[in-house]
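Let me begin by presenting the structure, written as structure tokens, before commenting on it.
The values are calculated or read from the model by the stated rules, or taken from the named source; none is laboratory data. Since we're looking at a predicted model, the values are computed, not measured. Don't worry about glycine lacking a Cβ; one is built from the backbone with ideal geometry, like all the others, and counts go over all protein chains shown. In case anyone asks, the SASA skips ligands and DNA or RNA and just uses the protein heavy atoms, side chains included. Shrake-Rupley method; radii C 1.70, N 1.55, O 1.52, S 1.80 Å.
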Amino acid sequence: MLTACGGTQDAATTEGEAEYTIRFAHIENEFTAAAQGVQLLKKHIEEDSEGRVTVEILGAGSMGGEREILESVTMGTIEGGMAMSSLFTTYLKDWDIFDLPFVFKDRADWAAKVDGEMGQTLAAQTSAINVKVLNFFDGGFRVISNNKRPILSMQDFKGVKCRVGESTLMIDTHKALGDNPVPMAFGEIYTALQQGTIDGVDTSVVYVLDGNFQEVTKYSTMTNHTALQMVTFINQDFLNSMPEDLQKIVLDAAAKATTEQRRLAVEVDETAMQTMRDAGVQIDEPSPEFTAEMIKATSKVVDGYKTKIDAKLFELAGL
């Protein structure tokens, strides 16, 4: 089997063998909707290319963390991968708009924006790092789970030590809400909750389940303050090395997988929430008044990024 990596294949392939292999890396466990989406991507590419392209999935962090995966794809040492959109902000500051608080109202609003001009504009920027975005998978909306108290008002945030991603934007958002943000790697969260180093965690319900945080938290509020978009991508040189018909097959397969993955994401979220309830976690929906207060409190965070992100993107996001 020949693996193309940034160049065309000069040698003839044996009949029945793949012409191209896409090594595709991610950190997800197989039950997440994003990991299932990658399996769908593999299925469609292999079937639609009639075996001319194979996809080798390197999951569960076998190729390192998301930062390492993105770096490897930019350099062409692996062909494809998946990571949270926030990883792209290392290279492309406009991508911060994805993580601004309350930029997306719900799943329908999220899909309209990431599939529309806003998402297309941001995806086009990745050519600067030799990457082609294949799609935006649905990773759910972020909620706040904790073991201290139900969070039903702005006052309830006070004194809660909440794990956030290692991102200035996420830290600023939680400071605006009124809790005490603690940046921490995902793998450290469970023990930190057990030991009381933190009281809570900011992530979507499927990743509550992924980390087994339902075992060490008592309350979860569906704040839905930001969305988790999982980005699949491929090395641009590698994609360009393929014949045009195979390039089209890869891109069309990504579109098919996107539609199916987003349906799965809703189902996986429902399963995760039921698992949380079965474990004794109290799940609360914020009142419209509480949501309005959160939006108002975090508006200064949004305003603070208006000089850092292209104004056209703010317009496309409806901000």
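The set of residues from the range 47-65 being of a type outside the set (Gly, Ala, Ser), in contact (Cβ under 8 Å) with a residue 12 or more places away in the chain and either assigned to a loop (DSSP other than H, G, I, E, B) or over 30 Å from Glu188 (Cα atoms) (or both) comprises Asp48, Arg52, Val53, Thr54, Val55, Met63. Can you find a residue in the range 263-284 that is outside any helix (DSSP H, G or I), over 21 Å from the mean Cα position of the chain (by Cα), modelled with pLDDT of 95 or more and among the hydroxyl-bearing types (Ser, Thr, Tyr)? Checked the range 263-284: no residue is outside any helix (DSSP H, G or I), over 21 Å from the mean Cα position of the chain (by Cα), modelled with pLDDT of 95 or more and among the hydroxyl-bearing types (Ser, Thr, Tyr). Taking the criterion of being closer than 29 Å to Val302 by Cβ and of a type in the set (A, V, I, L, M, F, W, C), the residues of the range 70-96 that qualify are Leu70, Met82, Ala83, Met84, Leu87, Phe88, Leu92, Trp95. Filtered by the rule that a residue be hydrophobic (A, V, I, L, M, F, W, C) and over 20 Å from His174 (Cα atoms), the range 284-308 gives no residues. Note on the range 78-108: residues that are farther than 21 Å from Asp202 by Cα and without any contact (Cβ under 8 Å) to a residue 12 or more places away in the chain amount to 1.
Here is a yes/no grid of residues against (1) open to solvent by 30 Å² or more (accessible area, probe 1.4 Å); (2) out of contact with any Leu (no Cβ under 6 Å at 6 or more places or on another chain); (3) modelled with pLDDT under 95:
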{"position": "Glu19", "(1), (2), (3)": "yes, yes, no"}
{"position": "Ile22", "(1), (2), (3)": "no, yes, no"}
{"position": "Ser72", "(1), (2), (3)": "no, yes, no"}
{"position": "Ser86", "(1), (2), (3)": "no, yes, yes"}
{"position": "Pro101", "(1), (2), (3)": "no, yes, no"}
{"position": "Ala111", "(1), (2), (3)": "no, yes, no"}
{"position": "Gly116", "(1), (2), (3)": "no, yes, no"}
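Scanning the range 218-234 for residues that are touching a Pro at 6+ places or on another chain (Cβ under 8 Å), assigned to a strand (DSSP E or B) and either crowded, with 24+ Cβ neighbours inside 10 Å or among the β-branched types (Val, Ile, Thr) (or both) yields a count of 1.
With the structure loaded, tell me whether Ala4 is closer than 26 Å to Ala128 by Cβ, part of a loop (DSSP other than H, G, I, E, B) and at pLDDT below 95 or whether it fails that test. Spelling it out, Ala4 is indeed closer than 26 Å to Ala128 by Cβ, part of a loop (DSSP other than H, G, I, E, B) and at pLDDT below 95.
Of everything in the range 130-155 that's surrounded by fewer than 18 Cβ atoms within 10 Å (Cβ to Cβ) and among the aliphatic types (A, V, I, L, M), which residue is farthest from Gly280 (Cα to Cα)? Only one residue tops the list, namely Met154. The residue of the range 92-106 that is farthest from Thr77 (Cα to Cα), among those that are outside any helix (DSSP H, G or I) and either among the acidic types (Asp, Glu) or touching a strand residue (DSSP E or B) at 6+ places or on another chain (Cβ under 9 Å) (or both), is Asp106.
Of the residues making up the range 166-195, those that are touching a Pro at 6+ places or on another chain (Cβ under 7 Å) and either closer than 16 Å to Thr217 by Cα or open to solvent by less than 10 Å² (accessible area, probe 1.4 Å) (or both) are Thr173, His174. Applying a threshold of 6 Å to beta carbon distances and a minimum spacing of six or more residues, or different chains, the list of pairs starting in the range 135-151 at a residue that is closer than 20 Å to Glu270 by Cα and modelled with pLDDT of 95 or more and ending at one that is outside any strand (DSSP E or B) and among the hydroxyl-bearing types (Ser, Thr, Tyr) reads Arg142/Thr226; Val143/Thr223; Ile144/Thr223; Ser145/Thr217; Asn146/Thr217.
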